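The values are calculated or read from the model by the stated rules, or taken from the named source; none is laboratory data. Since the structure is predicted, the reported quantities are computational estimates derived from the model, not experimental observations. Because the Cβ atoms are built from the backbone with ideal geometry, glycine has one as well, and the counts that use them run over all protein chains shown. Calculation scope for accessible area: heavy atoms of the full protein, side chains included, ligands and nucleic acids excluded. Shrake-Rupley method; radii C 1.70, N 1.55, O 1.52, S 1.80 Å.
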Amino acid sequence: GMARRLGNIGNVYKDQGSYPKALDYYFKALKVYEELGDKKGIAVAMGNVGNIHKEQGNYSKALEYYFTTLKMGEELRDKNRIAIQLSNIGTIYNMQKDYPKALDYYFKALNIDRELGNKKDIALDICNIGTSYNDQGNYSQALDYYFKALKTQEELGDKQGIAATLGNIGSSYSGQKKYAKALDYESQAVKIANEIGAMDFEKEFHRMLYDTYRAMGNTVKALEHYEKYVILKDTVFAQEKQKEIVRKEMNYEFEKKETAAKSEQEKKDAEAGE
C-alpha cells in the first residue's frame, strides 16, 4: 500500500510536469517493491522511471527501462503491462524519427489492447499511430486515426484524452494550412484543458494557437496566446516552489512514521526474545 501511494504521488508530480520530484517518488516506490519482491510492482515502477527519462529527452535510458519492463511483463504473462511498454517503446522510436519501428510497436500494442478490450488504451494506441503519420507529414491518414480515437474518448468521457486528441487534430489541420479548422480544434482543446485544470496541457495548446495565428500573419492574436503561454509557464514554475515545501514536509512525515514503525518492531522483537 505504501509503495502504491508513493507511485501515485509520483504520477501527480509527473502530470504537473515536475519530473525530478516524480522520479524521486518512483524510486522510493521501486525500493519498497524490491524489498517485498513484488515483481509486478517493480515492473510498474520501472516503467514510470522510463516515462520520466522520456519526458526529459533521455531516450536511450528510457528505452533501457522500457525493454527491461517489457521483459518482466512477458515473464509475468501480464498482457496489459506488455501493451503499455510496446506503446512506450513505439513513442521513443517515433521521437527518434524511426517511424517504421514506431508503427510496428504501436500496432503490436493496439492488437493486444483490442484482445483485452481496453477501450481507453485502444484510443491511445490509435492516437499514437495518428501522431506517427502526422509527424511524417501524412496529415490525411493522421486525421483518420485521430477522429477514430476521439470517438472512443468521447464515448468514455475521457476529457484529458479528448483535449489531447483535439490538439492533435488542430496540429494536422495546421500542417495542411487549413488554419480556420486548426483554430477551431485548438480552441476546443485549450477550453477543456482549462476546465479540468490540466495546466501543462493548456500551456501547450496556447503555444499551438500562437503558432497557428503567427502562420496566418495575425500578430495580435499570436501575441495574446504567447502571453498566456508564458503566464502558464511562470505559474507552473511558481507552483513548483510551493510544492517543494510540501514535498519536504511529506518526506519528513514519511521518515518520521518509518522510524517509529521500525522502533516499534524492534521493541516487539526484543520482547519476543526475552
Is there a residue being modelled with pLDDT of 90 or more, over 27 Å from Y145 (Cβ atoms) and more than 19 Å from the chain's Cα centre (by Cα) anywhere in the range 3-24? yes
Have a look at K71, K40, K54 and point out the one that is under 18 Å from the mean Cα position of the chain (by Cα) and assigned to a helix (DSSP H, G or I). K54
Which helices (runs of 4 or more DSSP H) sit wholly inside the range 163-274 and have at least 3 residues that are open to solvent by 90 Å² or more (accessible area, probe 1.4 Å) and either at pLDDT below 95 or more than 28 Å from Y26 (Cα to Cα) (or both)? 179-196, 219-273
Taking R81 as meeting all but one of (1) open to solvent by less than 50 Å² (accessible area, probe 1.4 Å); (2) over 20 Å from V44 (Cα atoms); (3) charged (D, E, K, R), write down the number of the exception. (2)
I need every pair where a residue in the range 39-62 that is farther than 19 Å from I9 by Cα and open to solvent by 40 Å² or more (accessible area, probe 1.4 Å) has its Cβ under 9 Å from the Cβ of a residue that is among the basic types (K, R) and at pLDDT below 90, sequence separation at least 6 or different chains. K61/K54
Between a residue in the range 89-103 that is farther than 21 Å from N48 by Cβ and any residue that is among the aliphatic types (A, V, I, L, M) and part of a helix (DSSP H, G or I), which pairs come within a Cβ distance under 7 Å, given they are 6 or more apart or on different chains? L103/I129
